[in-house]
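Read through the structure below, which is laid out as structure tokens, and then see the notes.
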Amino acid sequence: MQLGGIPRLRLGEFPTPLQELKNLGRELGGPRIFVKRDDQTGLGLGGNKLRKLEYALAEAAAQGATAVITVGGPQSNHLRLTTAACNKLGLKTVLVIRGKLPEKPSGNLLIDHIWGPSEIHYVGADGFPSKGELDRVADEKADEIAERLRSEGEVPYFIPNGCRAIHGAMGYAGCVLELVGQFRDRQLSPTAVFTAVGTSSTYTGLVLGAHLFTQDQLSIVGISVANASDIVSERVVRQLNQAAEVFKLKTKVSREAIVVLDQYVGDGYGIPTTAMKEAVLMTARAEGVLLDPVYTGKAMAGLIDRVRAGDYTNDDVVVLLHTGGTPALFADSQIDAFIDEIQ
């Protein structure tokens, strides 16, 4: 099956901009550095989830869905964009949030309340990725809500946190095709794309796209923001195998194409690091581009570190995929990391 033949609802503004970070490149004295602005996808303050939702919500529409149920954490970019997309499509949205309602919602959670989903349910305590009991409770709550909605005459459609992996693979294989065209117009060939890796479907899609559209000549470097590299790599292999079945690929993606670095996680998901803070400030002050502290800040920290280590020369072209998430900069949990810069 060809990518273009898979049903897709057009929700975003694509292709997203590709911009060269000339000042940052000069400051680092290494390769040419570009940023793929998927924070500017044109809906709900942007972000990588929209490419995935275009396929997930096409499936929902095909099933006649009237309501979407989805799960995420209090600062979930996925919840923000899913609700925005459902508002645009006239669908009811029910959010199951793994955490507790704070006294004053901030960041993405504040935006969720502004969007006005049909229902918001809070279960358990904070944490990502959700495990064990919390994961079970959230799934049970989603099942309970789906059953109730059916009894009320609705047709519910469930979207897991970050969308199903196959939808992520479809969305980001297409992103590589965009990149190839944008660089061709500049008469350039990118060496590597750096991206943050959480649930990993964005990374899986990029690896798949590099296989389909560059014959594996484009390196996709994943910067893990949550888990050890071996755990992430095994999950990516499973997702790639699923995608290979859907697309009926004659050749499999090589295991060597999966490059996931976990030394930039720090103390855990969403916990600021010194390198993340440096990357966010360098990019903001050199280029006027805001990165988020959870995903792209750590991805850029990895890119900067690998450039400083000499992994790339002046002849190379390196890209950061900006997956969005900027509202997290304005969450209470991130303020302390940057407050001394404005005092």
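Gain in length, GLU152 to VAL137, computed as 0.36 nm per residue apart minus the alpha-carbon separation, to one decimal in nm?
3.1 nm
Once both labels are modelled 7 Å past Cα along the beta-carbon direction, what's the GLU119-GLN19 spacing in nm?
4.1
Excluding same-chain residues fewer than 8 positions from LYS100, which lysines have a Cα within less than 28 Å of its Cα?
Of all the lysines, those that pass the test against LYS100 - Cα under 28 Å, at least 8 places apart if same chain - are LYS49, LYS52, LYS88, LYS92, LYS131, LYS141, LYS277, LYS298.
Given the options ASP39, ASP292, ASP135, which has the most mean-square fluctuation in a GNM of the chain, springs set between C-alpha atoms less than 10 angstrom apart?
ASP135
Using R₀ = 35 Å, calculate the FRET efficiency as 1/(1 + (r/R₀)^6) where r is the Cβ-Cβ separation of LEU249 and ASP332; round to 0.05.
0.20
Could you pull out the trypsin sites (Lys or Arg not before Pro) across segment 223-281 that fall in loop regions by DSSP (anything but H, G, I, E, B) with no more than 14 other Cβ atoms inside 10 Å?
The qualifying sites are LYS248, LYS250, LYS252.
How would ILE220, ILE335 line up from fewest to most surrounding beta-carbon atoms within 10 angstrom?
Going from least to most buried by this count: ILE335, ILE220.
Helix 165-185 versus the longest principal axis of the chain: what is the Cα-based angle in degrees, 0 to 90, to the nearest 10?
Result, in degrees: 30.
Most fluctuating residue of ARG32, ARG186, ARG308 in a GNM of the chain with Cα springs under 10 Å: which is it?
In this elastic network of the chain, the residue with the biggest mean-square fluctuation among ARG32, ARG186, ARG308 is ARG186.
Using Cα-Cα distances under 8 Å and only pairs 6 or more residues apart, what relative contact order does segment 49-159 have, in percent?
Relative CO of segment 49-159 lands at 34 percent.
Tell me the net charge near GLY324. Cut-off is 10 Å between Cβ atoms, GLY324 excluded, with +1 for each Lys or Arg and -1 for each Asp or Glu.
Cβ neighbours under 10 Å give a net charge of 0.
So what is the relative contact order of the chain, in percent, for Cα pairs below 8 Å that sit 6 or more residues apart?
That works out to 22 percent.
Counting only DSSP beta bridges with both residues in segment 45-189, what percent are antiparallel, rounded to the nearest 5?
The antiparallel proportion sits near 0 percent.
So what's the angle, to the nearest 10 degrees on a 0 to 90 scale, between helix 274-287 and the longest Cα principal axis of the chain?
The answer is roughly 70 degrees.
Taking the Cα atoms only, what angle lies between the long axis of helix 229-247 and the longest principal axis of the chain, rounded to 10 degrees?
Approximately 70 degrees, to the nearest ten.
Using alpha-carbon pairs under 8 Å, 6+ residues apart, how would you state the relative contact order of segment 11-105 in percent?
23
Between segment 180-257 and segment 77-114, what's the alpha-carbon centroid distance in Å?
29
Every number in this text was worked out from the coordinates using simple rules, so none of it is lab data. Treat the numbers as computed from the prediction; the structure is a model and nothing was measured. Every residue, glycine among them, receives a Cβ derived from its backbone with ideal geometry; neighbour counts consider all protein chains shown.
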